[in-house]
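Engineer: First the structure, then my questions, so here it is.
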Amino acid sequence: MLDTKQIDLFRKALEEKKEKIKNNLNITSSEMNSSTQNNPKDEGDHASMAIGYSVGNVILNKQFHKLLAIERSLQKIEDGEYGICDLCAEPIHIDRLKVKIFAHYCISCREIIENQRV
């Protein structure tokens, strides 16, 4: 189980990641909006813009999901449930949380979930 000092460190790190992602989302959205205002001159320009737009959407989607996971982790801290696996309700090892601060599953349960997707 995590102590108060560890929880505070994780909270601070989560809040920093949250702000960083929000800034990245704003920058990427602005870049995508400005690129759509360009008038493509030929098929190459259209293709280049389409690829850029697709890549931008993938980045936005991944960052948005990461932001949701971070917000969920912050809520779990407030609820006193941070570091507890959503599946088995056992503590998530601190080394896992250090690697993936917004982990919601212990290693064993994550492997089970991954194996079910295959």
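The values are calculated or read from the model by the stated rules, or taken from the named source; none is laboratory data. Because the structure is predicted, anything quoted here is derived from the model rather than measured. Glycine also receives a Cβ, built like all others from the backbone with ideal geometry; neighbour counts cover every protein chain displayed. Surface areas here come from the heavy atoms of the whole protein model, side chains and all, with no ligands, DNA or RNA. Shrake-Rupley method; radii C 1.70, N 1.55, O 1.52, S 1.80 Å.
Engineer: Restricting to the range 57-72, name every residue that is of a type outside the set (K, R), surrounded by 15 or more Cβ atoms within 10 Å (Cβ to Cβ) and modelled with pLDDT of 95 or more.
Structural biologist: Within the range 57-72, L67, A69, I70 meet the criteria.
Engineer: Please find, within the range 81-102, the residue that is nearest to K18 (Cα to Cα) out of those that are free of Cβ contacts under 8 Å to residues at least 24 places away in the same chain and of a type in the set (A, V, I, L, M). Give the derivation first.
Structural biologist: Initially, the range 81-102 is screened for residues free of Cβ contacts under 8 Å to residues at least 24 places away in the same chain, giving 81, 84, 86, 88-90, 92-93, 95-96, 98-100.
With the extra rule that they be of a type in the set (A, V, I, L, M), the set shrinks to 84, 89, 92, 99.
Details: I84: 20, A89: 25, I92: 21, V99: 16 Å.
That would be V99.
Engineer: Also, quick follow-up: Please specify each residue of the range 73-103 satisfying the condition of being open to solvent by 20 Å² or more (accessible area, probe 1.4 Å), of a type in the set (A, V, I, L, M) and assigned to a helix (DSSP H, G or I).
Structural biologist: L74, I94, V99, listed by residue number.
Engineer: Say we look at the range 2-18 and pick out the residues that are free of Cβ contacts under 8 Å to residues at least 60 places away in the same chain and among the basic types (K, R); which of these is most open to solvent (accessible area, probe 1.4 Å)?
Structural biologist: First pass over the range 2-18, keeping only residues free of Cβ contacts under 8 Å to residues at least 60 places away in the same chain: 3-5, 8-9, 12, 15-16, 18.
Restricting the remaining residues to those that are among the basic types (K, R) gives 5, 12, 18.
On the way: K5: 152, K12: 123, K18: 48 Å².
Per the stated criteria, the residue is K5.
Engineer: Condition first: without any contact (Cβ under 8 Å) to a residue 12 or more places away in the chain and either surrounded by 13 or more Cβ atoms within 10 Å (Cβ to Cβ) or in a strand (DSSP E or B) (or both). Now tell me which residues in the range 104-118 satisfy that.
Structural biologist: R110, the sole residue that qualifies.
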